[in-house]
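Peer 1: The structure's right below; bear with me while I get my questions together.
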Amino acid sequence: MKCVRRVSAAMATLLVAVALWVAPATAAQIEVEGDAYAVVESMYLWRGLDLSPDSDFVISGGIDLSFNGFTLSYWGNWDQDTNKVNETDLILDYSFDVNELLSVSVGDVLYVVDGYDDTHELYLALGLNTLLSPTLTTYWDWDEAEEEGLFYTLTVEHGFTLSEQAELLLGAEASYNQHSDFAVGDYSAFHNGELSVAVDYAIHEQIFLTPMLRYSIPLSDEADDVIDNETYFGVSVLLAF
């Protein structure tokens with residue numbers, strides 16, 4: 001059975017505002033943690049797809065609130081060309097450690113994209129708490145998928161301490177598309193690979209500045225018909241609380 005819930009950007013903003021108002025008053029009892037951030041990037045790249053082809057830059061931002069393994073996140077993207085927020089996402093996540101080696105995250109993403117129907121995507125992530133922190137994530141859009149409609153990512157990352165304030169972050173990702181024709185393409189093959197480098201600099205014990213550079217390429221002939229080689233850069237500012 002298909003169930004579609006429409007949550008407007010205003011409603012999502014209200015949810016975040018209420019959570020921020022309640023969290024300080026109850027933090028002593030429920031130990032809410034979180035962060036708020038803003039990012040300026042040269043493009044909005046999603047799964048190798050340039051979703052801001054006519055823009056010189058995009059600005060996105062969000063907030064995460066966590067309690068007892070649950071995290072509620074709100075994210076929005078402002079497009080320079082259209083001069084408006086063209087996407088907002090609302091994410092509910094539950095993460096836990098199975099043991100010292102295996103971590104699990106499960107959640108749902110609500111995409112509210114300008115000009116398209118709202119849609120939900122479930123995901124399941126399995127991560128190993130070992131060298132390079134490999135994580136395999138499976139996505140399934142339960143609104144739009146008619147048959148398979150799955151998308152997979154495998155990521156690795158590692159950090160190198162540069163100083164007391166700075167850390168070099170290196171990452172790589174490979175993705176596989178399984179007939180998610182509604183979002184990526186109606187084919188079953190490797191999709192894109194991505195390399196990233198960033199420097200996480202602590203301006204304050206709660207404030208972090210992170211310049212970043214990413215490079216994405218198609219990994220199959222099928223993907224080459226859908227996406228291009230892309231290089232993009234950006235900088236983020238994050239406040240942890």
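The values are calculated or read from the model by the stated rules, or taken from the named source; none is laboratory data. Source: prediction; values computed, not measured. For neighbour counting, all protein chains shown are included, and Cβ atoms are generated from backbone atoms with ideal geometry for every residue, glycine included.
Peer 1: Could you check the range 124-143 and list, in sequence order, the residues that are among the aromatic types (Phe, Trp, Tyr), within 17 Å of the chain's Cα centre (by Cα) and farther than 18 Å from GLU173 by Cβ? Lay out the reasoning, then the answer.
Peer 2: Step one: list which residues in the range 124-143 are among the aromatic types (Phe, Trp, Tyr), which gives 139-140, 142.
Going one step further and asking which of them are within 17 Å of the chain's Cα centre (by Cα), we end up with 139-140.
Scanning the range 124-143 gives a single hit, TRP140.
Peer 1: Scan the range 193-207 and give yes if some residue there is surrounded by 17 or more Cβ atoms within 10 Å (Cβ to Cβ), within 13 Å of ARG47 (Cα to Cα) and in contact with a Gly (Cβ under 8 Å, 6 or more places away or on another chain), otherwise no.
Peer 2: Yes, because at least one residue in the range 193-207 is surrounded by 17 or more Cβ atoms within 10 Å (Cβ to Cβ), within 13 Å of ARG47 (Cα to Cα) and in contact with a Gly (Cβ under 8 Å, 6 or more places away or on another chain).
Peer 1: Sticking with this one: For PHE190, are the conditions met, namely being at pLDDT 95 or above, within 26 Å of LEU124 (Cα to Cα), in contact with a Ser or Thr (Cβ under 6 Å, 6 or more places away or on another chain) and among the hydrophobic types (A, V, I, L, M, F, W, C)? Quick ask: steps written out before the conclusion?
Peer 2: Details: at pLDDT 95 or above: yes; within 26 Å of LEU124 (Cα to Cα): yes; in contact with a Ser or Thr (Cβ under 6 Å, 6 or more places away or on another chain): yes; among the hydrophobic types (A, V, I, L, M, F, W, C): yes.
The answer is yes for PHE190.
Peer 1: Right, PHE182: buried (at least 18 other Cβ atoms within 10 Å of the Cβ), within 24 Å of SER60 (Cβ to Cβ) and among the hydrophobic types (A, V, I, L, M, F, W, C) or not? Spell out how you get there, then give the answer.
Peer 2: Values: buried (at least 18 other Cβ atoms within 10 Å of the Cβ): no; within 24 Å of SER60 (Cβ to Cβ): yes; among the hydrophobic types (A, V, I, L, M, F, W, C): yes.
Considered against the rule, which asks whether it is buried (at least 18 other Cβ atoms within 10 Å of the Cβ), within 24 Å of SER60 (Cβ to Cβ) and among the hydrophobic types (A, V, I, L, M, F, W, C), PHE182 comes out as no.
Peer 1: All but one of (1) in contact with a Leu (Cβ under 8 Å, 6 or more places away or on another chain); (2) within 30 Å of ASP117 (Cβ to Cβ); (3) touching a residue at least 60 places away in the same chain (Cβ under 8 Å) hold for GLY234; which doesn't?
Peer 2: (1)
Peer 1: Is at least one residue of the range 95-103 among the aromatic types (Phe, Trp, Tyr) and either at pLDDT below 95 or closer than 23 Å to GLY234 by Cα (or both)? Outline the logic, then answer.
Peer 2: So the first thing to find is which residues in the range 95-103 are among the aromatic types (Phe, Trp, Tyr), and the list is 96.
If we keep only those that are either at pLDDT below 95 or closer than 23 Å to GLY234 by Cα (or both) as well, we get none.
No, every residue in the range 95-103 fails to be among the aromatic types (Phe, Trp, Tyr) and either at pLDDT below 95 or closer than 23 Å to GLY234 by Cα (or both).
Peer 1: To continue, here is another question. Would you confirm whether or not the range 59-69 contains a residue that is outside any helix (DSSP H, G or I), touching a helix residue (DSSP H, G or I) at 6+ places or on another chain (Cβ under 8 Å), surrounded by fewer than 16 Cβ atoms within 10 Å (Cβ to Cβ) and at pLDDT 95 or above? Even if it seems obvious, please write down each step before you answer.
Peer 2: Taking the range 59-69 as the starting set, the residues that turn out to be outside any helix (DSSP H, G or I) are 59-69.
Subsequent filtering for residues that are touching a helix residue (DSSP H, G or I) at 6+ places or on another chain (Cβ under 8 Å) retains 63, 65, 67-68.
Filter once more, so that each one left must be surrounded by fewer than 16 Cβ atoms within 10 Å (Cβ to Cβ): 68.
Subsequent filtering for residues that are at pLDDT 95 or above retains 68.
Among the residues of the range 59-69, at least one is outside any helix (DSSP H, G or I), touching a helix residue (DSSP H, G or I) at 6+ places or on another chain (Cβ under 8 Å), surrounded by fewer than 16 Cβ atoms within 10 Å (Cβ to Cβ) and at pLDDT 95 or above, which makes the answer yes.
Peer 1: Still on this model: For the range 92-164, list the strands (runs of 3 or more DSSP E) that sit wholly inside it and hold at least 2 residues that are more than 27 Å from PHE67 (Cα to Cα) and in contact (Cβ under 8 Å) with a residue 12 or more places away in the chain; which are they? Give the derivation first.
Peer 2: Numbers: elements: 102-113, 119-128, 135-140, 150-161.
Where strands (runs of 3 or more DSSP E) fall fully within the range 92-164 and carry at least 2 residues being more than 27 Å from PHE67 (Cα to Cα) and in contact (Cβ under 8 Å) with a residue 12 or more places away in the chain, they are 150-161.
Peer 1: Return the residues of the range 49-69 that are more than 21 Å from ILE91 (Cα to Cα) and small (Gly, Ala, Ser); say none if nothing qualifies.
Peer 2: Selection gives SER52, SER55.
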